[in-house]
Structures are given as C-alpha cells and as structure tokens.
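See structure below.
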Amino acid sequence: MATPVKVYGPPLSTAVSRVLACLLEKDVQFQLIPINMSKGEHKNPDFLKIQPFGQVPAFQDESISLFESRSICRYICEKYPDKGNKGLYGTNPLAKASIDQWLEAEGQSFNPPSSVLVFQLAFAPRMKIKQDQTAINQNEEKLSKVLDVYEKRLGESQFLAGDDFSLADLSHLPNTHYLANAAGRGELFTSKKNVGRWWGEISNRDSWKKVVEMQKQRT
Amino acid sequence: MVVKVYGPVRAACVQRVLLCLLEKDVEFEIVHVDLDAGEHKAPDFLLRQPFGQVPAIEDGDLKLFESRAIIRYYAAKYEERGPKLLGKSLEERAVVDQWVEVEAHNFNDLVYTLVLQLVILPRMGKQGDLALAHGCEQKLEKVLDIYDQRLSNSTYLAGDTFTLADLTHLPAIRYLVNDAGMGHLVTQREHVNAWLQTISNRSAWKKLMMLANY
C-alpha cells in the first residue's frame with residue numbers, strides 16, 4: 001500500500017481545494033497538512049523551502065516536491081493513469097490538448113476576475129477588509145464576458161474540453177463554489193442555460209462534495 | 001502538413017508558440033492577424049479563438065488556442081526530436097510544468113501590465129499609469145529574487161537542461177528588457193543574468209528574432 005501523498009495548505013484555499021478535488025477524483029490517498037495562513041505559516045523558512053513564493057498548496061510524494069495547483073493536478077493524473085477517473089487528463093494526445101487548452105483558459109481568462117470577486121465578496125468581509133466596489137463591478141463585467149464564451153462552448157459539448165468531465169472543468173470548481181455560495185453570485189452562472197447546466201453537473205460530483213465537506217469541517 | 005499559426009509575429013504569446021516549433025524544427029506558416037484593425041475580434045477569428053486573443057493554430061484537423069497548451073502539445077508530439085523540452089522523466093516533466101505555471105501566474109501578469117503601461121499605451125498616444133508600472137516593477141523584483149535563488153542551484157529553471165520552463169519566459173523577458181527598459185532587473189541578478197544570456201543564445205531564438213525583424 002503506497003504512502004499517502006502530502007498536500008500542504010488550508011482546504012478553504014481555492015488552489016488547495018483544486019488539488020484535493022483531483023486526488024479524490026483519482027482515488028489517491030492523501031494526508032492534508034494544515035498551514036495556518038492567518039499566522040503567516042506560509043512565509044516560514046521551512047515552508048518556503050518547498051514553496052519559495054510562499055503560496056499554497058505544496059505537494060510531496062516519495063519521488064517529488066511540487067507546487068502550483070494545476071501542475072500538481074497534471075502530475076497526479078500522469079503518475080496514476082489507471083486509478084480512479086482514468087479520463088481526467090485525457091487518454092490520448094488530442095483529448096489532452098483540448099483539456100490543456102481549457103485549463104489554460106481557466107487560468108488565464110476565468111481565474112483572474114473570479115479570484116478578485118471571491119476575495120472581495122467571500123473573504124474580505126470575514127477578514128474585516130473594506131470591499132472595493134469598483135473592482136467588484138469591473139470584474140463582474142469581465143467574468144460575465146468570459147461566461148458568454150463558456151455558454152456558447154457548452155452548447156456545443158457536454159463539458160469544456162469534450163464530452164467527458166476533465167481537469168479543465170475540475171479547475172473551475174473552487175472559485176465557482178465560493179461565488180455561487182458564500183458570495184451570493186450564483187446568478188452569474190445559473191442565468192445562462194448551458195453554464196447553469198454544467199455547474200449543476202460538476203458541483204454534484206462526489207469528489208467535489210467531499211471537498212466541500214472538508215472545507216466545512218475546518219472552518 | 002504545415003502548422004498555421006495565427007497572430008502577429010511580434011506578439012509575445014505568438015512568439016512562445018513559434019519558438020517551440022523552431023526548437024522542434026516543425027514547419028509552420030504565420031498567418032498575420034491585424035490587432036490594430038481589430039481583426040482578432042472579427043466573427044471569423046472568434047470561431048478560431050472565442051476569447052478574441054492570439055495565437056490560434058490550425059494543423060490539419062486540429063485547432064487549438066492558448067499558447068501554453070499549444071507548446072505542451074507540440075513538445076509531447078515531437079518528444080523524440082530535438083531538445084527534451086519536457087525533461088527526461090515523469091518527475092522532471094512535472095517540474096517543467098510547475099515552472100510554466102509559475103511563469104503564467106507569478107511572472108506574466110506583472111510583465112504584461114508593466115509593458116502595457118510603459119510601452120504599449122504610449123505607442124498608442126495614451127498616458128500609461130506610472131504608479132501601477134512601478135508597483136509591478138517592485139513585485140517583479142521579489143519574484144526575480146526567487147528565480148535567482150533557484151538558478152543558483154541549477155543552470156535552467158527545471159534542472160540541468162533547457163525545457164519549456166525556460167522557453168516560455170523568453171518572449172516576455174525580451175519586451176521587459178528591450179522595450180520597457182527594465183534590463184536592470186536581470187543584470188542586477190547574477191544567476192538570472194547568466195540564464196538569460198544562455199537561453200537567448202540558442203539558435204531557435206535567434207531565428208525567431210530575425211523572423212520578427214528585430
């Protein structure tokens with residue numbers, strides 16, 4: 001029986017939860033090592049050795065120490081191709097290319113505006129930081145335009161990269177979950193027919209429900 | 001079958017793709033897209049790239065966008081040819097990928113904003129936001145300190161050979177150093193400086209510079 005892999009970071013972190021969702025989809029045993037960011041543990045010299053930018057998550061298994069959630073996800077899929085969801089990162093080069101394309105779209109087009117909104121709407125209030133209404137308005141508009149593109153795409157295929165759930169869809173779960181729940185902006189997604197359908201399906205996956213449960217337990 | 005690369009040869013993201021194809025000796029044809037004329041927002045182009053950005057590629061039946069997805073595809077397709085852009089093992093490949101992600105999320109946005117404010121907007125006759133540019137410069141200093149530390153332990157970002165991790169940085173660094181006058185960010189850091197000298201000396205990069213008329 002393999003030693004559980006290690007993930008460092010709080011489950012409430014969107015990037016950490018991205019990795020947890022992937023591990024659960026792939027049925028890979030893991031140990032979550034908490035990092036208390038409000039106490040600055042992510043800037044401790046020991047942590048900086050495994051993540052020099054002082055960000056979460058970090059990941060270790062018996063052969064590697066890695067950071068950047070999307071590359072951790074790709075690694076897990078490549079290392080355990082036959083475990084859990086076998087098609088998560090595609091089973092041939094063309095499928096993989098499409099998944100990478102939409103993973104990049106998530107990282108480059110979806111993540112920036114949605115991250116600002118998650119921070120402003122879900123985290124700033126609880127951290128007693130004043131909200132920036134201009135930033136909120138600008139990023140809602142940007143995100144809405146991105147979701148227009150998704151609406152068209154998801155009218156042509158079941159999931160972003162094709163007809164199967166993949167890393168590309170998974171990568172959207174963390175931010176969208178906060179926007180649809182804590183931030184009260186679910187309408188951004190549900191007001192669009194195909195995006196609403198897609199969000200309903202991906203957020204209902206067992207793996208994501210387990211992550212949400214982990215987040216609730218650590219509040 | 002020649003790979004068609006859609007976009008202007010001077011756009012950083014287009015260059016990322018061209019550089020990969022040059023390293024792997026893959027034949028391509030550049031199909032110019034006139035950004036000034038808004039060609040990237042025209043209905044025809046949006047069919048290729050629904051976010052209205054460059055580059056996009058067409059290779060027979062395959063159509064792809066997002067430069068970092070395109071380079072991952074071609075680096076894997078031609079893994080056996082030319083330099084091992086993805087490393088030599090599963091673990092090395094993951095470290096390569098990690099640094100491509102670092103470039104995408106910790107480096108690119110800062111450089112893009114800085115170049116937009118100091119170079120692009122003024123070229124369009126508009127006022128750049130100097131305070132914003134300066135803020136980016138300060139953040140870049142911290143990021144490049146980490147790169148310098150990394151490069152004091154290995155010749156290239158992902159290890160001891162040139163990979164996608166290094167390649168992906170070249171186009172934006174050229175803008176940063178040559179167009180935005182930020183060369184000191186590199187020259188003040190011994191290992192970053194040595195690294196940039198090494199990777200800019202590659203023949204594929206020199207070919208690209210000629211193609212782009214620099």
Problem - Average beta-carbon neighbours from other chains, 10 Å sphere, peptide A:87-95 - result: 1
Fill in the blank from the handout: Answer in debye to the nearest 20: the dipole magnitude of the range A:35-97 about its Cα centre, from +1 Lys/Arg and -1 Asp/Glu charges placed on Cβ, is 200 debye
Exercise for the section: Over the whole of B:95-101, what's the average partner chain Cβ count within 10 Å per residue? Rounded to a whole number, please. Expected result: 6
Practice task
Give, to the nearest whole percent, the P(r) tail of the range A:101-154 beyond 16 angstrom, counting all Cα pairs.
Solution key: 44 percent
Handout entry: B:Tyr156 long-range amide H proximity, modeled H, under 5 Å
Key = B:Thr161
Practice task
Set the Förster radius R0 to 51 Å, insert the Cβ-Cβ distance between B:Asp160 and A:Lys128 as r into 1/(1 + (r/R0)^6), and round the FRET efficiency to 0.05.
Solution key: 0.60
Exercise for the section: With a point put 7 Å past each Cα toward its Cβ, work out how far A:Asp163 is from B:Ala131 in nm, to one decimal. Expected result: 5.5 nm
Fill in the blank from the handout: Rounded to the nearest 100 Å², the accessible area buried between B and A, both sides, probe 1.4 Å, is 2600 Å²
Problem - Burial of 50 Å² or greater, the range B:40-88 residues [accessible area, probe 1.4 Å, versus chain by itself] - result: B:Phe51, B:Phe65, B:Glu66, B:Arg72, B:Tyr73
Handout entry: Global geometry of chain B, whether rounded, prolate or oblate, following the gyration tensor of its Cα atoms and the 1.5 cut on a/c
Key = oblate
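Using a Förster radius of 41 Å, what is the FRET efficiency between A:Glu156 and A:Asn181 based on their Cβ-Cβ separation? Nearest 0.05, please.
0.90
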Problem - the range B:1-94, accessible area per residue, ligands and nucleic acids excluded (1.4 Å, Å²) - result: 45 Å²
Fill in the blank from the handout: Square roots of five times the C-alpha gyration tensor eigenvalues of the protein assembly as shown, ordered largest first and given in whole Å, equal 31, 26, 24
Practice task
Could you work out how far the C-alpha centroid of the range B:35-87 sits from that of the range B:148-164, in angstrom?
Solution key: 26 Å
Problem - Over the range A:1-124 - Rg/Rh using Cα atoms and the Kirkwood inverse-distance radius - result: 0.98
Handout entry: J(HN,Hα) series, the range B:207-213, from Karplus relation 6.51 cos²θ - 1.76 cosθ + 1.60, nearest Hz, glycine and proline x
Key = 4, 5, 4, 5, 4, 8, 6
Exercise for the section: Over the range B:107-176, average the accessible area per residue using a 1.4 Å probe and give it in Å², no decimals. Expected result: 46 Å²
Exercise for the section: Give me a single rounded figure for A:59-72: the average over its residues of other chain Cβ atoms within 10 Å of their Cβ. Expected result: 4
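Of all DSSP beta bridges located in chain B, what percent are antiparallel, nearest 5?
In chain B, DSSP labels about 65 percent of beta bridges as antiparallel.
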Handout entry: Ordering of B:14-21, B:186-193 by burial proxy (mean other Cβ atoms within 10 Å per residue, highest first)
Key = B:14-21, B:186-193
Handout entry: Unsatisfied cross-links (Cα-Cα over 26 Å) in the set A:Lys210/B:Lys63; A:Lys83/B:Lys88; A:Lys96/B:Lys4; A:Lys142/B:Lys207
Key = A:Lys210/B:Lys63; A:Lys142/B:Lys207
Exercise for the section: With both partners inside the range A:1-132, how many of the DSSP beta bridges are antiparallel, as a percent to the nearest 5? Expected result: 60 percent
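The values are calculated or read from the model by the stated rules, or taken from the named source; none is laboratory data. Everything numeric here is computed off the predicted structure, so don't read it as measured data. Using ideal geometry, Cβ is built from the backbone for each residue, glycine included, and neighbour counts are taken over all protein chains shown. SASA here: full protein model, heavy atoms, side chains in, ligands and nucleic acids out. Shrake-Rupley method; radii C 1.70, N 1.55, O 1.52, S 1.80 Å.
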